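Here the structure comes first, spelled out in structure tokens, and everything after it is commentary.
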Amino acid sequence: MKTFNLFPSLQQGEHLPLILLFIHAFLNGLALLFFETTANTLFLMAYNTSELPYVYMITAIVSVAFGFLYGKIEEKFIVKNLLQILISLVLLIIASFYLLLKFTDSHLSAMGIMVFKDMVTMVMGIEFGILTSTMFDIRQGKRLFGLLVSGEILAGMVGGICVGSLLEVFTTVDLLLISGSALILSLLVLIHILKRFSQKFYQSHEGEIGEESE
């Protein structure tokens with residue numbers, strides 16, 4: 001008896017990794033959405049749009065600095081630790097800006113969160129790219145890419161619908177609590193993935209050692 005297969009392109013052993021990565025992408029997407037919403041709103045409340053060129057220039061400097069720092073970090077940590085460090089770094093940034101914006105009245109904090117908005121997006125993109133490339137080979141990645149990124153797309157839709165209602169209950173700054181909460185859940189999902197599929201990350205580590213010895 002044939003059963004209906006919602007995703008006929010999926011092969012044996014791909015369902016669970018795909019579901020977990022979809023959830024991970026969804027939670028990452030929610031975290032980014034609420035962080036970006038907070039950054040954009042507070043910046044426009046504190047500054048004029050004429051100040052945006054300064055934001056772009058500072059963002060470029062910060063991004064280059066992070067790229068240099070990331071190159072150093074990547075050399076020192078294996079993949080599974082690197083993934084957790086990247087998520088934890090974003091969580092630290094969210095928590096820091098929440099405290100700054102909640103308990104200080106400095107316009108510099110509104111400028112700062114706008115600057116770090118793009119860096120946070122970049123870090124999350126790097127984390128998800130490393131994770132998916134470790135979990136799936138190139139052929140699988142090409143075939144499943146649409147399903148993998150749909151988690152973040154869904155997060156944008158859900159978050160976009162909910163943000164107006166949430167602002168009736170929470171302040172704009174408090175949206176960072178929702179962003180941080182989503183990211184904590186995402187980190188827990190990541191830890192589960194690392195434990196459940198530890199062999200893949202072990203093989204990735206062995207491959208890195210092999211490349212260094214050549």
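Could you tell me whether any residue of region 136-150 is within 16 Å of the chain's Cα centre (by Cα), open to solvent by 60 Å² or more (accessible area, probe 1.4 Å) and either modelled with pLDDT of 85 or more or within 21 Å of L183 (Cβ to Cβ) (or both)?
no
In region 28-69, what residues are under 17 Å from the mean Cα position of the chain (by Cα) and open to solvent by 20 Å² or more (accessible area, probe 1.4 Å)?
If the condition is that a residue be under 17 Å from the mean Cα position of the chain (by Cα) and open to solvent by 20 Å² or more (accessible area, probe 1.4 Å), then L30, L33, E36, T37, S63, G67 are the ones that fit.
Return the pairs, sorted by first residue and then second, in which the second residue is aromatic (F, W, Y), the first residue lies in region 153-181 and is at negative phi, the beta carbons are less than 6 Å apart, and the residues are 6+ apart or on different chains.
The qualifying pairs are L154/F26; A155/F26; L175/F34; L176/Y98; I178/F34; S179/F34; S179/F35.
Go through region 99-135 and report how many residues are open to solvent by 40 Å² or more (accessible area, probe 1.4 Å) and assigned to a helix (DSSP H, G or I).
We begin by selecting, within region 99-135, every residue open to solvent by 40 Å² or more (accessible area, probe 1.4 Å); these are 99-100, 102-108, 116, 118, 121-122, 125-126, 133.
Now drop any that are not assigned to a helix (DSSP H, G or I), which leaves 99-100, 102-103, 107-108, 116, 118, 121-122, 125-126, 133.
Here the count works out to 13.
With respect to I87, is the statement that it is closer than 16 Å to L42 by Cα, part of a helix (DSSP H, G or I) and at pLDDT 90 or above true?
no
Could you grab me the full set of residues in region 151-169 that are open to solvent by 60 Å² or more (accessible area, probe 1.4 Å) and either closer than 19 Å to L83 by Cβ or of a type outside the set (G, A, S) (or both)?
E152, I153, L154, M157, I161, L167, E168, V169
Okay, residues lined up against (1) at pLDDT 90 or above; (2) assigned to a loop (DSSP other than H, G, I, E, B):
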| residue | (1), (2) |
| --- | --- |
| L6 | no, yes |
| Q12 | no, yes |
| F22 | yes, no |
| F26 | yes, no |
| L33 | yes, no |
| L52 | no, no |
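Select from region 95-108 the residues that are free of Cβ contacts under 8 Å to residues at least 60 places away in the same chain and of a type outside the set (V, I, T) and list them in ascending order. Talk me through it step by step, then tell me what you get.
First pass over region 95-108, keeping only residues free of Cβ contacts under 8 Å to residues at least 60 places away in the same chain: 96, 99-100, 103-106, 108.
If the condition is that a residue be free of Cβ contacts under 8 Å to residues at least 60 places away in the same chain and of a type outside the set (V, I, T), then S96, L99, L100, F103, D105, S106, L108 are the ones that fit.
The values are calculated or read from the model by the stated rules, or taken from the named source; none is laboratory data. Being a predicted model, the structure only gives us computed values, none of them experimental. Note that we place each Cβ from the backbone using ideal geometry, even for glycine, and neighbour counts take in every protein chain shown. Surface areas here come from the heavy atoms of the whole protein model, side chains and all, with no ligands, DNA or RNA. Shrake-Rupley method; radii C 1.70, N 1.55, O 1.52, S 1.80 Å.
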